[in-house]
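The values are calculated or read from the model by the stated rules, or taken from the named source; none is laboratory data. The structure presented is a predicted model; accordingly, all values stated were derived computationally and were not measured. Cβ coordinates were reconstructed from backbone atoms using ideal geometry, including for glycine residues, and neighbour counts include every protein chain displayed.
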């Protein structure tokens, strides 16, 4: 799998070996979804394809069954129903009654976008009514960041609490991370402390690498990928190398 500077969602290249190409111009959660979508094309034996994904794919599946199948596969791979049930239950929340900020926290746990989670909960697994999903859809990412941080900011935000089950968390340089209160960071300074907020401790990813963040008996490894200097897109290259620290001699 490779990240490229291409103006599309993604591409599946059938062959030996098969390859997935993703656009580095898309937000990180979108890239995760696009990767799962392209993997779906591979799993179901589809031919090579270039994808410009439609947000309404689940609403009109008859238009392109292969795209609908890949979309559905991506949703259930990234957001399995047992994982979703656990994520809400362990926090004492229900999909119908959570606030937009709480729903955003769930989306961050699964590494997907806020709108992607809402679509999957309502159209994919029937855990959220269409009416409530529509109401939550009206909340924009910009207003969510404003509500959570108390200030306008263009940088991406990831919110994590002590209920997060995954041992790793993927981010990029400049990403803001709201981690549990009392979080301390080990390592060589990949995460810089910003300030304490009511909802937790805010950090900023400042350089590539892997660092550990811990608060009491909770811990996570934050894997930070670089972004292109003076360009509006992220890491270019093979996915397995995206967290390598930069060589200061280069």
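Points to keep in mind about this one:
- Restricted to helices (runs of 4 or more DSSP H) entirely inside the range 75-179, those with at least 3 residues that are loosely packed, with under 14 Cβ neighbours inside 10 Å are 81-89, 130-137, 141-149.
- Top-ranked residue of the range 181-192 - restricted to ones that are buried (at least 21 other Cβ atoms within 10 Å of the Cβ) and in a loop (DSSP other than H, G, I, E, B), ranked as modelled with the highest pLDDT: 183
- As a summary of the residue check, residue 28 satisfies the conditions (1) touching a helix residue (DSSP H, G or I) at 6+ places or on another chain (Cβ under 8 Å); (2) closer than 20 Å to residue 120 by Cα except for the one numbered (1).
- Looking across the range 193-226, the residues that are over 21 Å from the mean Cα position of the chain (by Cα) and in a strand (DSSP E or B) come down to 193, 194, 195, 196, 197, 215.
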